[in-house]
Amino acid sequence: MVVSLVVTAFWAMLPAYVPNNAAVLAGGGRPIDGGRMLGDRRLLGDGKTWRGTAAGTLAGTLLAVALNALVPSASAATGVDLPTFPLTAAFGLALGAMLGDIGASFLKRRSGRERGAAFPGLDQLDFVVGALVFAFVAAPVWFSATFTLPVLAVVLVMTPVLHVVTNVGAYFLGLKNEPW
Ligand code: CTP
Ligand code: MG
């Protein structure tokens, strides 16, 4: 029961987990804010680029398409009835994850945090909230069927833990400059 909730939550959120990591690998180039300032701070900063955002959104969407092909075998292997992703849901999860992270950078700059500074809480949940809101808007029927309240509860508890673990891992692998 709990195991099937965790498996479902993880599966349904995979298209939202991958974009930020893909952006780290693919990022660089022109910043989204084009260097613009708001007051005496950057609007977003050099850490939010067009290339990283596009690559992350594409990676999350393509992953969902790949997962759709694996649903039968993954469901059989886990004994859990896993969801497929309509394209609207896949795109909403991936783009929402990227935009949630971008929104967090906006808030970080407004609160005087430099690029790369930690904002505990926000760092772990910005992309989750973005992904869930966008998936809800893009595919409300699918969203309601997939993200039941127990699944949502698991997502909100599990994601910060996974986020900390993967970012510390990426830091030690030399992929990220900070362990958050
Ligand atoms: N990245 C990107 N575009 C995005 C998100 C991330 O290019 N939309 C890349 C950038 O190279 C960024 C790296 O991934 O430096 C790490 O992402 P993140 O930790 O989100 O950015 P920070 O550099 O820490 O900047 P911020 O303080 O604004 O979060
Ligand atoms: Mg960062």
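The values are calculated or read from the model by the stated rules, or taken from the named source; none is laboratory data. Predicted model, so just to flag it, every value in this text is computed and none were measured. Cβ sites come from the backbone with ideal geometry, for glycine too, and all protein chains shown count toward neighbours. Remember, those area values only see protein heavy atoms, side chains included, never the ligands or the DNA or RNA. Shrake-Rupley method; radii C 1.70, N 1.55, O 1.52, S 1.80 Å.
If I fit a long axis through the Cα atoms of helix 87-110 and take the longest principal axis of the Cα atoms of the chain, what angle between them do I get, 0 to 90°, rounded to 10? On a 0 to 90 degree scale, this one is about 30.
Considering only Cα atoms, the convex hull volume of the stretch 1-147 works out to 108 Å³ per residue. The mean accessible area for residues of the stretch 1-147, using a 1.4 Å probe and ignoring ligands and nucleic acids, is 48 Å² per residue. Extension gain, Ala54 to Asp81: 0.36 nm times the residue separation minus the Cα-Cα distance gives 6.6 nm.
In this simple spin-label approximation, Ala69 and Arg115 carry label points 7 Å from Cα along the Cα→Cβ vector, and these lie 3.6 nm apart.
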